[in-house]
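Below is one structure; the comments refer to it alone.
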Amino acid sequence: YTNYFRLQNPKDKSVSTKIITSIYFLEWDWILLYSAELNEFLTGLKRMLWITILIFVVSLVVGVTIAVFFSGIFSKGIRNAVSLVEQVGTGNLSLNIPVKDSGTNELGRIIKAIAGMSSNLQSFVKELQNNAVKLKDASQDLSAVSTQIASNAQETTAQSNTVASATEEATANISGIS
(Lines give C-alpha, C1' and ligand atoms only; values in the text may rest on other atoms or scores of the structure.)
Protein backbone atom coordinates (compact mmCIF):
# COMPACT_ATOMS: atom_id res chain seq x y z
CA TYR A 1 0.00 0.00 0.00
CA THR A 2 1.40 3.42 -1.00
CA ASN A 3 -0.01 6.81 -0.14
CA TYR A 4 1.00 10.47 -0.59
CA PHE A 5 0.32 13.23 1.86
CA ARG A 6 1.25 16.87 2.29
CA LEU A 7 2.78 18.23 5.46
CA GLN A 8 3.32 21.81 6.48
CA ASN A 9 6.52 22.67 8.32
CA PRO A 10 5.44 24.53 11.47
CA LYS A 11 8.63 26.63 11.56
CA ASP A 12 8.71 28.12 8.06
CA LYS A 13 5.20 27.24 6.89
CA SER A 14 6.56 25.43 3.80
CA VAL A 15 4.59 22.49 2.42
CA SER A 16 6.29 19.26 1.40
CA THR A 17 4.89 16.10 -0.11
CA LYS A 18 5.71 12.82 1.57
CA ILE A 19 5.24 9.28 0.38
CA ILE A 20 4.48 6.40 2.70
CA THR A 21 4.60 2.74 1.77
CA SER A 22 3.60 -0.24 3.86
CA ILE A 23 4.41 -3.93 3.49
CA TYR A 24 3.00 -6.79 5.55
CA PHE A 25 5.71 -9.18 6.82
CA LEU A 26 3.88 -12.49 7.31
CA GLU A 27 6.53 -14.44 9.27
CA TRP A 28 6.47 -12.03 12.19
CA ASP A 29 3.00 -10.67 11.56
CA TRP A 30 4.39 -7.17 11.25
CA ILE A 31 3.53 -4.24 9.06
CA LEU A 32 6.60 -2.34 7.92
CA LEU A 33 6.23 1.33 7.00
CA TYR A 34 8.61 3.55 5.09
CA SER A 35 8.16 7.25 4.50
CA ALA A 36 10.28 9.81 2.73
CA GLU A 37 10.11 13.17 1.05
CA LEU A 38 8.74 12.69 -2.47
CA ASN A 39 11.70 14.59 -3.96
CA GLU A 40 14.12 12.36 -2.07
CA PHE A 41 12.28 9.27 -3.30
CA LEU A 42 12.16 10.51 -6.92
CA THR A 43 15.88 11.39 -6.96
CA GLY A 44 16.79 7.70 -7.33
CA LEU A 45 14.16 7.25 -10.03
CA LYS A 46 15.44 10.28 -11.91
CA ARG A 47 18.99 8.92 -11.72
CA MET A 48 17.79 5.55 -13.05
CA LEU A 49 15.92 7.36 -15.85
CA TRP A 50 19.07 9.27 -16.87
CA ILE A 51 21.17 6.11 -16.72
CA THR A 52 18.59 4.35 -18.91
CA ILE A 53 18.59 7.23 -21.40
CA LEU A 54 22.41 7.23 -21.43
CA ILE A 55 22.52 3.46 -22.04
CA PHE A 56 19.95 3.85 -24.84
CA VAL A 57 21.93 6.63 -26.54
CA VAL A 58 25.23 4.72 -26.26
CA SER A 59 23.56 1.57 -27.60
CA LEU A 60 22.05 3.57 -30.46
CA VAL A 61 25.42 5.10 -31.39
CA VAL A 62 27.17 1.70 -31.21
CA GLY A 63 24.38 0.06 -33.23
CA VAL A 64 24.44 2.73 -35.94
CA THR A 65 28.24 2.55 -36.10
CA ILE A 66 28.15 -1.24 -36.52
CA ALA A 67 25.39 -0.95 -39.14
CA VAL A 68 27.33 1.65 -41.12
CA PHE A 69 30.49 -0.46 -40.91
CA PHE A 70 28.83 -3.65 -42.16
CA SER A 71 26.76 -1.86 -44.79
CA GLY A 72 30.01 -0.37 -46.11
CA ILE A 73 31.56 -3.82 -46.36
CA PHE A 74 28.52 -5.29 -48.13
CA SER A 75 27.96 -2.33 -50.41
CA LYS A 76 31.64 -2.40 -51.46
CA GLY A 77 31.24 -6.03 -52.54
CA ILE A 78 28.02 -5.25 -54.36
CA ARG A 79 29.63 -2.25 -56.10
CA ASN A 80 32.50 -4.53 -57.21
CA ALA A 81 30.05 -7.12 -58.54
CA VAL A 82 28.08 -4.45 -60.41
CA SER A 83 31.32 -3.08 -61.88
CA LEU A 84 32.30 -6.56 -63.07
CA VAL A 85 28.90 -7.13 -64.67
CA GLU A 86 29.07 -3.72 -66.37
CA GLN A 87 32.53 -4.50 -67.77
CA VAL A 88 31.37 -7.88 -69.07
CA GLY A 89 28.30 -6.13 -70.52
CA THR A 90 30.50 -3.71 -72.47
CA GLY A 91 32.49 -6.61 -73.93
CA ASN A 92 35.55 -6.62 -71.67
CA LEU A 93 35.93 -10.36 -71.19
CA SER A 94 39.59 -10.29 -70.19
CA LEU A 95 38.82 -9.48 -66.55
CA ASN A 96 41.08 -10.69 -63.79
CA ILE A 97 38.49 -11.64 -61.18
CA PRO A 98 40.02 -12.83 -57.87
CA VAL A 99 37.70 -15.79 -57.25
CA LYS A 100 39.68 -17.28 -54.37
CA ASP A 101 39.25 -14.09 -52.27
CA SER A 102 35.52 -13.71 -52.88
CA GLY A 103 34.34 -15.79 -49.90
CA THR A 104 31.53 -18.28 -49.48
CA ASN A 105 28.61 -15.95 -48.76
CA GLU A 106 26.03 -14.98 -51.35
CA LEU A 107 28.12 -12.09 -52.61
CA GLY A 108 31.14 -14.37 -53.04
CA ARG A 109 28.99 -16.83 -54.94
CA ILE A 110 27.78 -14.03 -57.23
CA ILE A 111 31.36 -12.97 -57.97
CA LYS A 112 32.33 -16.59 -58.68
CA ALA A 113 29.34 -16.88 -61.03
CA ILE A 114 30.38 -13.68 -62.82
CA ALA A 115 33.92 -15.04 -63.17
CA GLY A 116 32.55 -18.29 -64.60
CA MET A 117 30.27 -16.41 -66.97
CA SER A 118 33.17 -14.23 -68.13
CA SER A 119 35.36 -17.28 -68.71
CA ASN A 120 32.59 -19.09 -70.63
CA LEU A 121 31.92 -16.00 -72.74
CA GLN A 122 35.65 -15.67 -73.43
CA SER A 123 35.76 -19.30 -74.64
CA PHE A 124 32.63 -18.77 -76.73
CA VAL A 125 34.05 -15.62 -78.35
CA LYS A 126 37.35 -17.41 -79.15
CA GLU A 127 35.46 -20.31 -80.68
CA LEU A 128 33.29 -17.87 -82.63
CA GLN A 129 36.41 -16.07 -83.90
CA ASN A 130 37.97 -19.39 -84.95
CA ASN A 131 34.77 -20.36 -86.74
CA ALA A 132 34.68 -16.95 -88.44
CA VAL A 133 38.25 -17.48 -89.72
CA LYS A 134 37.32 -20.97 -90.95
CA LEU A 135 34.18 -19.58 -92.60
CA LYS A 136 36.25 -16.82 -94.27
CA ASP A 137 38.75 -19.40 -95.57
CA ALA A 138 35.93 -21.65 -96.78
CA SER A 139 34.23 -18.67 -98.42
CA GLN A 140 37.46 -17.76 -100.22
CA ASP A 141 37.88 -21.38 -101.35
CA LEU A 142 34.27 -21.43 -102.51
CA SER A 143 34.79 -18.16 -104.36
CA ALA A 144 37.86 -19.59 -106.10
CA VAL A 145 35.91 -22.72 -107.05
CA SER A 146 33.05 -20.55 -108.33
CA THR A 147 35.48 -18.49 -110.39
CA GLN A 148 37.00 -21.70 -111.78
CA ILE A 149 33.56 -23.09 -112.58
CA ALA A 150 32.60 -19.83 -114.31
CA SER A 151 35.85 -19.92 -116.29
CA ASN A 152 35.27 -23.56 -117.22
CA ALA A 153 31.70 -22.74 -118.20
CA GLN A 154 32.91 -19.96 -120.47
CA GLU A 155 35.51 -22.29 -122.00
CA THR A 156 32.86 -24.97 -122.46
CA THR A 157 30.58 -22.41 -124.09
CA ALA A 158 33.38 -21.32 -126.41
CA GLN A 159 34.16 -24.93 -127.32
CA SER A 160 30.45 -25.63 -127.82
CA ASN A 161 30.23 -22.63 -130.12
CA THR A 162 33.28 -23.91 -132.05
CA VAL A 163 31.72 -27.37 -132.36
CA ALA A 164 28.43 -25.83 -133.45
CA SER A 165 30.22 -23.72 -136.04
CA ALA A 166 32.17 -26.70 -137.30
CA THR A 167 28.98 -28.75 -137.47
CA GLU A 168 27.27 -26.02 -139.49
CA GLU A 169 30.24 -25.92 -141.89
CA ALA A 170 30.24 -29.67 -142.19
CA THR A 171 26.54 -29.64 -142.82
CA ALA A 172 26.94 -26.92 -145.45
CA ASN A 173 29.77 -28.87 -147.10
CA ILE A 174 27.73 -32.06 -147.13
CA SER A 175 24.76 -30.19 -148.52
CA GLY A 176 27.04 -28.66 -151.19
CA ILE A 177 28.39 -32.09 -152.25
CA SER A 178 25.03 -33.67 -152.65
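The values are calculated or read from the model by the stated rules, or taken from the named source; none is laboratory data. The model shown is predicted, which means the values in this text are computed figures rather than measured ones. Ideal geometry is used to build each Cβ from the backbone, glycine not excepted, and the neighbour counts take in all protein chains shown. Surface accessibility is based on the protein's heavy atoms, side chains included, excluding ligands, DNA and RNA. Shrake-Rupley method; radii C 1.70, N 1.55, O 1.52, S 1.80 Å.
Each residue of segment 34-45 was assigned a 3J(HN,Hα) from its phi angle through the Karplus expression (A = 6.51, B = -1.76, C = 1.60, θ = phi - 60°), giving 9, 9, 7, 5, 4, 4, 5, 5, 6, 4, x, 5 Hz with x at Gly and Pro. The packing ranking of peptides 21-31, 105-115, 82-92, highest mean first, is 105-115, 82-92, 21-31, where packing means the average number of other beta carbon atoms within 10 angstrom of each residue.
For the chain, the Cα-based Rg and Dmax, in that order, read 51.4, 176 Å. For the pair ASN130 and ALA36, label points projected 7 Å from Cα toward Cβ lie 8.9 nm apart. Note: segment 130-178, Cα convex hull, 33 Å³ per residue.
The calculated P(r) of segment 1-41, using every Cα pair and 10 Å bins from 0, goes 27, 41, 23, 9, 1 in percent. Surface exposure of the chain, expressed per residue as accessible area with a 1.4 Å probe, stands at 83 Å².
By the helix-only formula, in which each DSSP H run with n ≥ 4 contributes -39500 (n - 2.57) and the sum is divided by residues, the chain has a 222 nm mean residue ellipticity of -26500 deg cm²/dmol. Close Lys pairs in the chain (alpha-carbon distance under 22 Å; sequence gap of 8 or more, or different chains): 7. For segment 1-94, dividing the convex hull volume of the Cα atoms by the residue count gives 211 Å³ per residue.
Global size of segment 19-59: 15.8, 46 Å for Rg and Dmax (C-alpha atoms, Rg to one decimal, Dmax whole). Computed from point charges on the beta carbon alone (+1 for Lys and Arg, -1 for Asp and Glu), the dipole magnitude for the chain about its Cα centre is near 1500 Debye.
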